[in-house]
Amino acid sequence: MIEEREIHKEYEIKENPLVDVAAYLFLEDIADKQGAAGMNNYLISLATSLAKSMPEEEYKTWEDFVESLEKGESIISTFESVRAKTNHCMVTHKCPFERGWKEYTKRIGDFARVHKEVADYYNSTVKPGVNDTQCIICQTFRAAAAERITVAKKRLKYAQLAAVAPDGSKKIAPDEWKPILLEKAGVTNTDLNMVLRNNACIWILY
Amino acid sequence: MLDVALVSLIQDMSEKAGVEGTIQYWERVGESLAMRMGKEAYMGWPSFNVALREGRTAYSIEGDVTPLTDLAVTDVDGDVVGYIYALKTCVFEPTMQRVRYSVGDVPQADAAVAEEYNNSVKDTAICNFCVIHQKFREEVAKNITVADQPLECVQLADRGFKGETKIARDSLKRIGINPEYVRSLLRNYACVFAILMKGARLKGEEEVEE
């Protein structure tokens, strides 16, 4: 089992830059034709269908689930390395899109403006919490993956607290939501800011 | 993550836009990627080959590309007009591995798109993603000059994730390389292609005309 994970991790690290950059350009092509709303719908469908293509999971206890999550065995941590700061507060150290974003900016130039425009559309029409299109994919995937997991026979739920994009831009949950989310996460506002100094994303599972 | 998500969408895309539509999508992505990477100019083949080896050309995005400098392509006058190049690992192999571990089977549309491309465009694709990067290479060649001459990229052979191979015999004949020799290159490389000066008068072409 450990050997399999190591093999998997090896391939995660060696993902080819052409594939990532081509995928971004494919999405930009969709935005050219269908606008921000069309691209937003496409990203949501992309992430949802990915989660649905993965097997369902059930855990007897919350501890079993968190252990699986941290080991990278759960579908929710397939693409990102997750650490539990508290029982319900999860931290992603490195954005799973960072490598693709770096390759894009290194080989092509500025990240196309449309990725921020679609994020603005998502923040105003779906829920506020994303920095760019990459966050839309990631957060939609987490929500759809959570729906495929039960812990002690109860469906898992996901909420977003804050995210830092590879370009350094930051998106924190709106002030009116923050106290409730922080309480659910079991962290303070100071904890949140400390985590954001050297991590990419902080989110809640409950 | 994005690459695995895209693989899981191929089936849906092919059902909505048809396999022909998927080919058009991928070709546009390959073109757009090449266009966005800009133009390059080299004084001669040695400077181009060194740039390639050092990862400074647009082709380097594909990974470890080796200029096989023992395999120069010459024209009817015996002048060097290009070389054979080989990519160590298929650009999609890591994605295929990631799909296998996280999702499972690769969608059937993958093979359907490759088959349609082989029938309607050219018989060189093993998986649907071959469409993107073969188009990408062709378009990149148009953006590069060597000794002020524009280039042309010709796909010669490739080996898929499961070991299947495609060898473009007509293209090999055109540049005068024995298909069995290229087959032996596939033991150590995943993809073999030639970069030539556009419009060069190749020996193989002269023989066909005669």
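The values are calculated or read from the model by the stated rules, or taken from the named source; none is laboratory data. Keep in mind the model is a prediction, meaning the values are calculated, not measured. Positions of Cβ are backbone-derived with ideal geometry, glycine not excepted, and every protein chain shown enters the neighbour counts. When the accessible area is computed, the model is the full protein with side chains, heavy atoms only, and any ligands, DNA or RNA have been set aside. Shrake-Rupley method; radii C 1.70, N 1.55, O 1.52, S 1.80 Å.
Brief remarks on what is shown
- Condition check for B:Gly163: touching a Pro at 6+ places or on another chain (Cβ under 9 Å) and part of a loop (DSSP other than H, G, I, E, B): no
- Of all the listed residues (A:Asp167, A:Asp175, A:Asp110), the sole one being under 30 Å from A:Leu18 (Cβ atoms), without any contact (Cβ under 8 Å) to a residue 24 or more places away in the chain, over 11 Å from the mean Cα position of the chain (by Cα) and open to solvent by 50 Å² or more (accessible area, probe 1.4 Å) is A:Asp110.
- In the set (1) open to solvent by 20 Å² or more (accessible area, probe 1.4 Å); (2) more than 12 Å from chain B (Cβ to nearest Cβ); (3) farther than 17 Å from A:Gly168 by Cβ; (4) free of Cβ contacts under 8 Å to residues at least 60 places away in the same chain, the condition left unmet by A:Ser53 is number (2).
- A single entry from A:Asn193, A:Asn198 fulfils the requirement of being more than 16 Å from A:Asn87 (Cα to Cα), open to solvent by 60 Å² or more (accessible area, probe 1.4 Å) and touching a His at 6+ places or on another chain (Cβ under 8 Å): A:Asn198.
- Residue, surrounded by the most Cβ atoms within 10 Å (Cβ to Cβ), within segment A:69-92, restricted to residues that are under 17 Å from A:Met54 (Cα atoms) and small (Gly, Ala, Ser): A:Ser74
- B:Glu139 meets the conditions (1) open to solvent by less than 10 Å² (accessible area, probe 1.4 Å); (2) of a type outside the set (Phe, Trp, Tyr); (3) touching a strand residue (DSSP E or B) at 6+ places or on another chain (Cβ under 9 Å); (4) within 14 Å of chain A (Cβ to nearest Cβ) in every case but one. The failed one is (1).
- Residue selected from segment B:114-136 under the condition part of a helix (DSSP H, G or I) and within 14 Å of chain A (Cβ to nearest Cβ), by the criterion surrounded by the most Cβ atoms within 10 Å (Cβ to Cβ): B:Phe136
- Pick from segment A:1-35, criterion at pLDDT 80 or above and over 19 Å from A:Phe97 (Cβ atoms), ranking: farthest from the other protein chains (Cβ to nearest Cβ): A:Gly35
- A:Tyr158 being more than 29 Å from A:Tyr104 (Cα to Cα), under 14 Å from the mean Cα position of the chain (by Cα) and at pLDDT 95 or above: yes
- Some residue of segment B:88-109 being touching a residue at least 24 places away in the same chain (Cβ under 8 Å), in a helix (DSSP H, G or I), away from chain A (no Cβ under 11 Å) and open to solvent by 30 Å² or more (accessible area, probe 1.4 Å): no
- Residue satisfying condition, being touching a Gly at 6+ places or on another chain (Cβ under 6 Å), at pLDDT 90 or above and more than 9 Å from chain B (Cβ to nearest Cβ), within set A:Thr48, A:Thr61, A:Thr125, A:Thr86: A:Thr86
- Taking the numbered list (1) surrounded by 21 or more Cβ atoms within 10 Å (Cβ to Cβ); (2) more than 9 Å from every other protein chain (Cβ to nearest Cβ); (3) modelled with pLDDT under 90 in turn, A:Tyr104 passes all entries but (3).
- From B:Ala5, B:Ala17, B:Ala51, residue being open to solvent by less than 50 Å² (accessible area, probe 1.4 Å), free of Cβ contacts under 8 Å to residues at least 12 places away in the same chain and in contact with a strand residue (DSSP E or B) (Cβ under 7 Å, 6 or more places away or on another chain): B:Ala51
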